[in-house]
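Visitor: Can you read through this structure? Questions will come right after.
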Amino acid sequence: MLLQGQRFVVTGIASKLSIAWAIAEALHREGASLILTYPSDKIKKRVDMAAEQFDADLVLECDVASDESIETCFAAVREHWGDGIDGVVHAIGFAPMDQLNGDFTEVTTREGSQIAHDISAYSFVALAKASRDLLAMRHGSLLTLTYEGSISVLPNYNVMGMAKASLEASVRYLATSLGADGIRVNAVSAGPIRTLAASGIKSFRKMLDINEKITPLQRNITQAEVGNAALFLLSPWASGITGEILFVDAGFNTVAISEQLMLDDE
Ligand code: NAD
Ligand code: 0WE
């Protein structure tokens, strides 16, 4: 019970496969109290299921495309936990589907780029603004989820790579801005996992197959492994860590040419 008596707001649950579901599960397992959020009525049912399973205090609407929705959400959080919160989890990413299939230069548009950056990167700053006072009261922390596509190129990740690079820079700027308030800001960079956000991505299966040939651990990672790393960064055990991107990718980012791919070619 690492987090008994601590309070977290978790965004980004859309199904049992969601990374946010596994983070909520890990936080709940360690005794934390939770508020869960959903972006639209379509998703609410799933979040209600999670709320029941993890004994959440509240389920609130929070569409990060709208400042008003974010403000209303955190007003309700403030109403419930007026003396502060210990953490906010941002597990949100979105680009229009047409941006994620095909040649980067061809398929990337101004509108697609704006949406990807707004929902996937700026929204983290927006959540930081809305939760700053509550986090400062208990020296809490912010956590987001990113992906290797911010640094190196993967087929079809396209404008999401730009948005994740922006998100990772925001982790560092927020960490510096909020450090004086005792608030930490970190990210987990997760390896590929089959979630709703991976469905509809052309040849995602193939990506997972190739990934397990490249990683030092010779396998893909699980949602639960991301949940445990997230739990650590959100916990007092990580009190000296801020502005950090922690890879939970079975070592993928450390390898340039894998032994396995050399063997396959012989
Ligand atoms: P997911 O589809 O389960 O989660 C994405 C979430 O974004 C959903 O819950 C969706 O409701 C939410 N969302 C979209 N638009 C929103 C809006 N306007 N307001 C509020 N919420 C909105 O998929 P996931 O893989 O669990 O993704 C969670 C995070 O993890 C994303 O940031 C994603 O980029 C990141 N990530 C995923 C992988 C992977 O391979 N699945 C790897 C690394 C990082
Ligand atoms: O960040 C992500 C998911 C990004 C994502 C996925 C979708 C699918 C549904 C953003 N927006 C949408 N919009 C939709 O309409 N990941 C890290 C998972 C992911 O997505 C990829 C990947 C990987 C890995 C897309 C192409 C290539 C690899």
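The values are calculated or read from the model by the stated rules, or taken from the named source; none is laboratory data. No experiment lies behind these values; they were computed from the predicted model shown. Every residue, glycine among them, receives a Cβ derived from its backbone with ideal geometry; neighbour counts consider all protein chains shown.
Visitor: Across the range 197-218, what is the total count of residues that are within 16 Å of ligand 2 (Cβ to nearest atom) and surrounded by 13 or more Cβ atoms within 10 Å (Cβ to Cβ)?
Guide: Qualifying residue count for the region: 12.
Visitor: Further question: Return yes or no: is residue 211 more than 27 Å from residue 88 (Cβ to Cβ), assigned to a loop (DSSP other than H, G, I, E, B), at pLDDT 95 or above and within 13 Å of ligand 1 (Cβ to nearest atom)? Show your work before the answer.
Guide: Values: more than 27 Å from residue 88 (Cβ to Cβ): yes; assigned to a loop (DSSP other than H, G, I, E, B): no; at pLDDT 95 or above: yes; within 13 Å of ligand 1 (Cβ to nearest atom): yes.
Answer is no for this residue.
Visitor: Right, something else. Among the candidates 26, 22, 32, which residue alone is more than 22 Å from residue 193 (Cβ to Cβ), among the small types (Gly, Ala, Ser) and at pLDDT 95 or above?
Guide: 32
Visitor: Only one of 125, 77, 64, 59 is in contact with a helix residue (DSSP H, G or I) (Cβ under 7 Å, 6 or more places away or on another chain), in a strand (DSSP E or B) and modelled with pLDDT of 95 or more; which?
Guide: Details: 125 fails: in a strand (DSSP E or B); 77 fails: in a strand (DSSP E or B); 64 fails: in a strand (DSSP E or B).
Matching residue, one of 125, 77, 64, 59: 59.
Visitor: If you scan the range 174-196, which residues turn out to be assigned to a helix (DSSP H, G or I) and either exposed (fewer than 15 other Cβ atoms within 10 Å of the Cβ) or not polar (S, T, N, Q) (or both)?
Guide: The answer is 174, 175, 176, 178, 179, 196.
Visitor: While we're here: With the requirement that a residue be in contact (Cβ under 8 Å) with a residue 40 or more places away in the chain, part of a helix (DSSP H, G or I), touching a strand residue (DSSP E or B) at 6+ places or on another chain (Cβ under 9 Å) and not aliphatic (A, V, I, L, M), what does the range 128-165 give you?
Guide: Matches in the range 128-165: 131, 148, 164.
Visitor: Consider the range 217-235. How many of its residues are within 25 Å of residue 175 (Cα to Cα) and touching a residue at least 60 places away in the same chain (Cβ under 8 Å)?
Guide: Adding up the residues that qualify gives 8.
Visitor: If a residue must be away from ligand 1 (no atom under 13 Å from the Cβ) and either closer than 20 Å to residue 169 by Cα or not acidic (Asp, Glu) (or both), how many such residues does the range 236-264 contain?
Guide: Of the residues in that region, 19 qualify.
Visitor: Looking only at the range 133-185, which residues are among the small types (Gly, Ala, Ser) and under 21 Å from residue 254 (Cα atoms)?
Guide: The answer is 149, 150, 152, 161, 165, 169.
Visitor: Would you confirm whether any residue within the range 220-236 is of a type in the set (Gly, Ala, Ser) and not in a helix (DSSP H, G or I)?
Guide: So far as the range 220-236 goes, yes, one or more of its residues are of a type in the set (Gly, Ala, Ser) and not in a helix (DSSP H, G or I).
Visitor: Residue 113 versus (1) surrounded by 16 or more Cβ atoms within 10 Å (Cβ to Cβ); (2) away from ligand 2 (no atom under 16 Å from the Cβ); (3) over 23 Å from residue 193 (Cβ atoms): which is the lone unmet condition?
Guide: Among (1) surrounded by 16 or more Cβ atoms within 10 Å (Cβ to Cβ); (2) away from ligand 2 (no atom under 16 Å from the Cβ); (3) over 23 Å from residue 193 (Cβ atoms), residue 113 violates only (2).
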